[in-house]
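Single-structure report; data block below.
Nothing in this text is a laboratory measurement; each read-out follows from the coordinates by a stated rule. For clarity, every value in this text was computed on a predicted model and none was experimentally measured. Note: ideal-geometry Cβ built from the backbone for every residue, glycine included; neighbour counts use all protein chains shown.
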Amino acid sequence: MTTWHNSGTAKNQWADAPTDPELTELLDLARVQCEAFAPTLPDPEVIPIGYRLAQLAQARAIFTARQTGAGDTLGPEGQTVRVYPMDWQVKSYLRPTTGLPAIG
C-alpha cells in the first residue's frame, strides 16, 4: 500500500532535502495542495503513486521558491511577493490528461 511521503521516505528520494522540521512542513503543505487539486480518492487510505510523486515534486518546488534573495522585490517600497504555484507537471500527476476521441 502506498502512503503519503514523510520526512524519512522523502529523504530517500531527495538527496539535498532540508532537515526537519522544515521538510515535514514542506511535505504537509504540499500534501494539502495536492489534495485540494486532485480528484477525491474513493479510499483515502490508498494513495496512488502519482499523488505521492506530486507531493514530493510540489514540496521541492515550494522549497526552491523560498530560496529568494534581495533581488526578488517589487515596486519602490521593495515589497517581496512569494507565490507558490503548482507546476503543470505536478498537476499532470494528479489529473492526467486523456486522449481526445477522434472523429472520423
Which ³J(HN,Hα) values, rounded to whole Hz and listed in residue order, are derived for the range 58-65 from phi using the Karplus coefficients 6.51, -1.76 and 1.60 in 6.51 cos²θ - 1.76 cosθ + 1.60 with θ = phi - 60°, glycine and proline given as x?
-> 5, 4, 5, 5, 5, 4, 5, 5
Ranked from fewest to most other Cβ atoms within 10 Å of their own Cβ, 14, 88 fall in the order 88, 14
